[in-house]
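Before any comments, here is the structure.
Computed from the coordinates by the stated procedures, all read-outs in this text should not be read as laboratory data. Here the structure is a predicted model, which means the values were calculated and not measured. Glycine also receives a Cβ, built like all others from the backbone with ideal geometry; neighbour counts cover every protein chain displayed.
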Amino acid sequence: MICIHCDSPNPERWFYCRNCGNKTSESKFTTNLYMMSALGKRTDIELTNTTVEEDIKHRNKVNYSKYKNKFLG
Ligand SMILES: [Zn+2]
């Protein structure tokens, strides 16, 4: 295992680098937290998507089920 910041060898897999003090790798936990926070900031997009979906539903109730199956499986 090698530190992603300074490329120092980290054979004992320390979570923090013994050389530079940064995290030696991007853990899945960190990635999940990042994703959650990124999604949390995207509520405007979520609302927009919901609005579009509702709009389609209202405009074309007959074909909405086909549209839904196409995009949601
Ligand atoms: Zn380092």
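Figures for the structure shown
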{"quantity": "Ranked R59, R18, criterion: other C-beta atoms within 10 Å, fewest first", "calculated": "R59, R18"}
{"quantity": "Placed amide H near C3: partners under 5 Å, 5+ positions off or other chain", "calculated": "S8, N10"}
